[in-house]
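One structure below.
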Amino acid sequence: MNGEVWIISCSFFSELHSLLRSVWYIHAKNLAVGRIGAEIGPRSYATSTMTERFDCYYCRDNLHGKKYVKKDEKHVCTKCFDKLCANTCAECRRPIGADAKELNHKNRHWHEDCFRCAKCYKPLANEPFSARDDGKIMCGKCGSREDGNRCQACYKVVMPGTQNVEYKKKVWHEECFTCFECKQPIRSQSFLNKGDDIYCGPCHDKKFAKKCFHCKQPITSGGISYQDQPWHSECFVCRTCRKNLAGTRFTSHEEHVYCVDCYKTSVAKQCNGCKNPITGFGHGTNVVNYEGHSWHEYCFNCKKCSLSLANKRFVINGENIYCPDCAKKL
């Protein structure tokens with residue numbers, strides 16, 4: 001080199017060494033999992049070490065070779081960050097330092113270890129959770145218990161996915177939806193209500209249904225009413241021939257009912273005049289009774305002159321009746 005000697009300044013090596021030592025790194029926070037629609041994630045503060053002259057925004061300490069945090073385009077030493085810039089944990093109320101893992105949700109912040117279910121204290125950093133209106137954070141299970149519908153019988157929460165019964169905008173556990181009378185679960189049976197009480201079909205019929213005048217059993221459907229008494233249609237039959245009397249002519253005697261034919265032959269009294277049964281039907285509705293004998297009203301006439309003697313004075317001679325005038329001529 002033409003005899004020239006290059007002398008490299010020691011300061012050159014010093015500056016080169018400083019450049020090679022410069023290291024930048026990013027301190028990233030872990031991401032927590034929230035419920036659908038919830039945005040939860042890390043804050044993005046950058047921390048670094050450096051060898052060039054660089055001062056803390058607050059205390060003006062030289063950050064040369066020190067760890068620092070970059071927040072809002074300001075470079076802050078970790079001491080000032082923890083004191084002046086760190087978010088406050090919503091749970092423990094302590095600052096969340098530069099070296100701590102931070103979780104945030106809807107402008108609230110937590111240490112990773114403080115982000116737990118308010119009910120069972122289960123860590124929720126990587127679990128589904130729900131945020132209540134009162135600010136409490138809960139796991140999915142506890143949130144369902146707290147906010148879910150309550151059983152009308154036991155007042156415990158009806159968990160989603162469990163067997164339940166809904167009726168008139170109210171809900172029961174399947175095993176709690178029981179008959180008020182027999183206390184048995186109704187499940188898939190039909191049921192009826194009386195006020196606020198629920199009854200299975202058999203218990204409702206037994207307790208509230210009208211009872212048949214004949215068999216004394218509940219009438220669950222249909223039926224016949226006679227003289228203000230309810231009957232099963234199948235019970236309303238002729239006492240003698242068992243013919244069903246629904247929709248037909250019948251009569252009653254001593255709390256029993258009879259068809260017309262059986263009443264004539266088995267029950268009805270015989271007219272002492274015409275010797276035919278006195279049924280009470282049609283023309284023979286009115287009856288005259290005297291000393292154990294009976295007559296159709298239209299048969300109660302003077303034997304001699306045929307004068308009707310109903311509601312009049314008469315004379316009996318043997319099996320015949322006479323008006324007073326005819327009786328004198330006998």
### Query
Of 276, 236, 192, whose Cα points farthest to the positive end of the dipole of the range 189-283 (charges on the beta-carbon: +1 Lys, Arg; -1 Asp, Glu; origin at the Cα centre)?
276
### Task
Please list, in chain and number order, the residues 5+ apart from residue 223 or on another chain whose amide H is under 5 Å from its amide H, with Hs placed from the backbone.
233
### Query
When only Cα pairs under 8 Å and 6 or more residues apart are kept, what is the percent relative contact order across the range 52-152?
13
### Query
Across the range 61-101, how large is the tail of the calculated P(r) beyond 11 Å, expressed as a percent of all Cα pairs?
64
### Query
What residues have an amide H closer than 5 Å to that of residue 63, excluding those fewer than 5 places away on the same chain, when H is modeled at 1.01 Å from N in the peptide plane?
54, 55, 56
### Message
Can you compute the FRET efficiency between residue 248 and residue 193 using 1/(1 + (r/R0)^6), with r the Cβ-Cβ distance and R0 = 51 Å? Round to the nearest 0.05.
### Response
0.85
### Qualifying aspartates and glutamates (Cα of each under 12 Å from Cα of residue 206; at least 8 residues distant if same chain)
181
### Task
For residue 72, put the label point 7 Å out on the Cα→Cβ axis and report which residues of the range 85-115 keep their amide N under 11 Å from it.
85-86
### Heavy atoms of residue 256: accessible area, 1.4 Å probe, square angstrom to 10
70
### 291, 181, reordered so the largest accessible area comes first (probe 1.4 Å)
291, 181
### Message
Which lysines, if any, have their Cα less than 28 Å from the Cα of residue 141, not counting same-chain residues under 8 positions apart?
### Response
29, 101, 106, 119, 122, 156, 168, 169, 170
### Query
Whose amide H sits under 5 Å from the amide H of residue 158, counting only residues 5 or more places off or on another chain, with H placed in the peptide plane?
149, 150, 151
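The values are calculated or read from the model by the stated rules, or taken from the named source; none is laboratory data. Keep in mind it's a predicted model, so treat the numbers as computed, not measured. When we count neighbours, we look across all protein chains shown, and the Cβ atoms used for this are built from the backbone with ideal geometry, even at glycine. Accessible surface areas use protein heavy atoms only, side chains included; no ligands, DNA or RNA. Shrake-Rupley method; radii C 1.70, N 1.55, O 1.52, S 1.80 Å.
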